[in-house]
Amino acid sequence: METDLLVKKAKQGDKDALVELIMLQKQEYYKLAYAFLNNKEDALDALEDMIVILYERIDRLRKVDAFYSWSKTILVNCCRGRLKRNKRIILYDSLAEETELKKNDFNQKEEHLMLDTALARLSDKQQEVIRLRYYLDLDYETISHLLKIPLGTVKSRLSTGLKKLKKFLGDEGYGKY
């Protein structure tokens, strides 16, 4: 109920209400952006882009109760735009972030790097459904809604992507997904 009131205030131009709405879901926004971009700085930049767009377009929101799904769709589009602009593989940045997170197990780092390398070989569309499904544990319907694609397309991209990952990684224990 409080969320609906905040959305209504934000639609009337209340910047503080918009900020409060964003802060209520800041972790979910960050996780979503990071799952797409796999880089802390890029994820934060995408969040900034989303906030600017929300501020500029909040008056276009039709259903007050759809604010979070609408804003997450905007965030996904911001992430996609960043990926297109960057078009680079961030293996070294991924390794640096692992170090930053202080993962001391070398085997875990090696497996993570192997997975990042294999994921980078997939199409952008396959990567995004795999990251949303397995990094954020989103269900198929939510992924379908976020990406604005049919449910069958989500399942197809996921299946094809996982088969390719299995092929890239070999059958050394990675075959079970």
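The values are calculated or read from the model by the stated rules, or taken from the named source; none is laboratory data. As the structure is a computational prediction, the values presented were derived from the model and not from experiment. Positions of Cβ are generated from backbone atoms using ideal geometry, with glycine treated the same way; all protein chains shown enter the neighbour counts.
Values for this structure:
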quantity	calculated
From the options Lys31, Lys72, Lys26, residue that is surrounded by 18 or more Cβ atoms within 10 Å (Cβ to Cβ), under 17 Å from the mean Cα position of the chain (by Cα), among the charged types (D, E, K, R) and modelled with pLDDT of 90 or more	Lys72
Identity of the residue in the range 139-154, without any contact (Cβ under 8 Å) to a residue 60 or more places away in the chain and in contact with a helix residue (DSSP H, G or I) (Cβ under 6 Å, 6 or more places away or on another chain), that ends up farthest from Leu113 (Cα to Cα)	Leu151
Filter pass, Gln12 being surrounded by fewer than 16 Cβ atoms within 10 Å (Cβ to Cβ), without any contact (Cβ under 8 Å) to a residue 60 or more places away in the chain and within 29 Å of Tyr134 (Cβ to Cβ)	no
